[in-house]
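Peer 1: Got a structure for you, written out below as C-alpha cells; questions coming shortly.
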Amino acid sequence: MRIRSKKSPLRLCPESAVSLTTLRSIGSHIVATHLVWRSTALVRTSLLLCLITPVAVAQQETATVAVNRSELPDAPSAVLDQQNLTELAPFTEGSASVFGVVLDTSGAAVPGARVSLARPDRSKLQTVTSGANGEFAFPKLAPGSYILVIEAKDFAPFTSSGFVLAAQQAFEVPRITLSVATAVTDVTVRPTEVIAAEQIRAEEKQRVIGIVPNFYTSYIYDAAPLTTKQKFALASRDTFDPTSFIGIAIGAGIQQANNNFSGYGQGAAGYAKRYGALFANGRSSDFLSHAVFPSLFHQDPRYYYQGSGSFNSRLRHAASFAVVTRSDSGRTVPNYSYLLGDLSSAALSNLYYPSTDRGAGLTFTNFAIGVGGRVGSTVILEFFSKRFTTHVRGSGKPPAPDDGKPSTQRSQ
C-alpha cells in the first residue's frame, strides 16, 4: 500500500519574510566558516604531531642509553687526566722517544750495556743493548713517567732519575756515567790456634812410604805458629809413635852386635840396657828440643820445606836448620831450642850410661852425633822425602822471579 504525502505549501508571514537571496548568503558564510575552522584544526593537529614525534624519539633514545648504562655500572668515565691514563693503561706505542749514550768515568763509550726502560716502580718495559759507541734509543713511546736501569759487565748498576715524556717529545737522557764495580771479598777471620790445629792434624798424616813419621816437616811455608800446648802434643805424638820403638830395637841390636858400651854386657840384660839408653836419649831429645825449649824461646820446632830455588840455596837452607830456625813471630833466629835440647839430652845420658863411658867426652860425642844427624835428616827431607811422603799439603816456598834460573836477558 502506497502512502502518499501531501505537500503543504510554504507560507511566510509578511513581517518575517526573508528574501531567498539573503538565505543563500547566510548559508554560504556558515559553510565557509566551518571550512576555515576545520582547516585550522587540521594545521594545529599537524603541528602538534611534528612537535610530539621528535620528543618521543629523543625520550626513547634517552631510555635506551639509560638501559645500556645500567647494564655496565663499572664503566670508567670517558674523561681521564694524564696521570690516571698512565696508571690504567699498559705500555703502548706512541709518538715520543728516548735516546742517549752510555759512558764510563773516563768518557769512553760502553758498548754492550743492557739499557732497560722502566716505570717508576721498576717494572721493566723494554730492554736494548748499547751500540759500539754506547748509544741506545727507545722509539714509539706513550706519554708518561719513566726511568732507565743500566747494567754492564765490570760496572756498578746505574739508575737514572725519573723523567716525564709528552706526546711527540724526543727526550735525550742526560750524561750517563758508569763507575767501575767495587770488588767485594768475604774474609773469614779465624784464630791462629785453630788454623795451627788443622795444620798439625794434616802433618800427623805425613809418613814416608806410608810408615815412618814425617810430622815435623811443614810443606806449608807460611804455616801458623804453634802454641805451647800444641808443641808438647806434637812431641808426644811423634816420640811415642810405634815406629820409634822399632827403630830403637834395631839400634840396640846393632850396638849389641858391635859390643858398644861394653859395660852393659851381653845377653838379654845387655840388650835391655842398650834399648833403654837409646829410648831415653830419643825421648829426652825430642821433648827438650821440640817442646820445652821451643816454648821457652818462642821458636818453631818444625823444618820448613823450601822446594824451590837453586840446588845450593836449598842445600844451605836444609843444612842451616840445625843452627837457625823460625821464631813464632816468623823471624829467623838462632836455633837455641835444638842446640840446648840436644846438649841437655847428651848431658842427661851420663846418668844411665856405663860409668866407664861417662864424662864430657860422652856428652859432646852424643851432642855431635845429634847435630850431624839433624843436618843429614833435613837434607834428605829437602831433596828426597817429599816424593815418598803421603798426605802432603803444600809445596814449600813460592819460587821467586828468576830464582835459581839462568837469565835469558841481560840488561844493557
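Peer 1: Residue under question is VAL333, and the condition is that it be in a strand (DSSP E or B) and hydrophobic (A, V, I, L, M, F, W, C); does it hold?
Peer 2: Numbers: in a strand (DSSP E or B): yes; hydrophobic (A, V, I, L, M, F, W, C): yes.
It is true that VAL333 is in a strand (DSSP E or B) and hydrophobic (A, V, I, L, M, F, W, C).
Peer 1: If you don't mind, another one. Filter segment 216-241 down to the residues that are within 19 Å of PHE388 (Cβ to Cβ) and without any contact (Cβ under 8 Å) to a residue 24 or more places away in the chain and list them by number.
Peer 2: Step one: filter segment 216-241 for residues within 19 Å of PHE388 (Cβ to Cβ), giving 216-220, 238, 241.
The answer is none; no residue qualifies.
Peer 1: Return the residues of segment 311-369 that are among the aromatic types (Phe, Trp, Tyr), touching a strand residue (DSSP E or B) at 6+ places or on another chain (Cβ under 9 Å) and farther than 18 Å from LEU288 by Cβ; say none if nothing qualifies.
Peer 2: Going through segment 311-369, the residues among the aromatic types (Phe, Trp, Tyr) turn out to be 311, 321, 336, 338, 352-353, 364, 367.
So of that shortlist, the ones also touching a strand residue (DSSP E or B) at 6+ places or on another chain (Cβ under 9 Å) come out as 321, 336, 338.
Residues satisfying the conditions do not exist here.
Peer 1: Answer yes if at least one residue in segment 80-95 is modelled with pLDDT of 90 or more and either more than 27 Å from the chain's Cα centre (by Cα) or surrounded by 13 or more Cβ atoms within 10 Å (Cβ to Cβ) (or both), and no otherwise. Give the derivation first.
Peer 2: Step one: list which residues in segment 80-95 are modelled with pLDDT of 90 or more, which gives none.
No, the conditions are met nowhere in segment 80-95.
Peer 1: Regarding VAL194, is this residue in a helix (DSSP H, G or I), out of contact with any Ser or Thr (no Cβ under 9 Å at 6 or more places or on another chain) and exposed (fewer than 11 other Cβ atoms within 10 Å of the Cβ)?
Peer 2: Here the answer is yes, as VAL194 does meet what is asked.
Peer 1: With respect to GLY309, determine if the residue is outside any helix (DSSP H, G or I) and touching a residue at least 40 places away in the same chain (Cβ under 8 Å).
Peer 2: Here the answer is yes, as GLY309 does meet what is asked.
Peer 1: Further, regarding this structure: Quick one: how many residues across segment 257-278 are part of a helix (DSSP H, G or I) and buried (at least 17 other Cβ atoms within 10 Å of the Cβ)?
Peer 2: Taking segment 257-278 first, the residues part of a helix (DSSP H, G or I) are 257-258, 262-264, 267-278.
After this cut, where a residue has to be buried (at least 17 other Cβ atoms within 10 Å of the Cβ) as well, the list is 264, 270-271, 273-275, 277-278.
Total satisfying the criteria: 8.
Peer 1: Can you spot a residue in segment 247-262 that is in contact with a Lys or Arg (Cβ under 9 Å, 6 or more places away or on another chain), on the phi > 0 side of the Ramachandran plot and assigned by TED's automatic domain parsing to the domain that holds PHE293?
Peer 2: Scanning segment 247-262 turns up at least one residue that is in contact with a Lys or Arg (Cβ under 9 Å, 6 or more places away or on another chain), on the phi > 0 side of the Ramachandran plot and assigned by TED's automatic domain parsing to the domain that holds PHE293.
Peer 1: Between HIS317, HIS391, which is touching a residue at least 12 places away in the same chain (Cβ under 8 Å), not in a helix (DSSP H, G or I) and not small (Gly, Ala, Ser)?
Peer 2: Numbers: HIS317 fails: not in a helix (DSSP H, G or I).
Every option except HIS391 fails the conditions.
The values are calculated or read from the model by the stated rules, or taken from the named source; none is laboratory data. Predicted model, so just to flag it, every value in this text is computed and none were measured. Cβ coordinates were reconstructed from backbone atoms using ideal geometry, including for glycine residues, and neighbour counts include every protein chain displayed.
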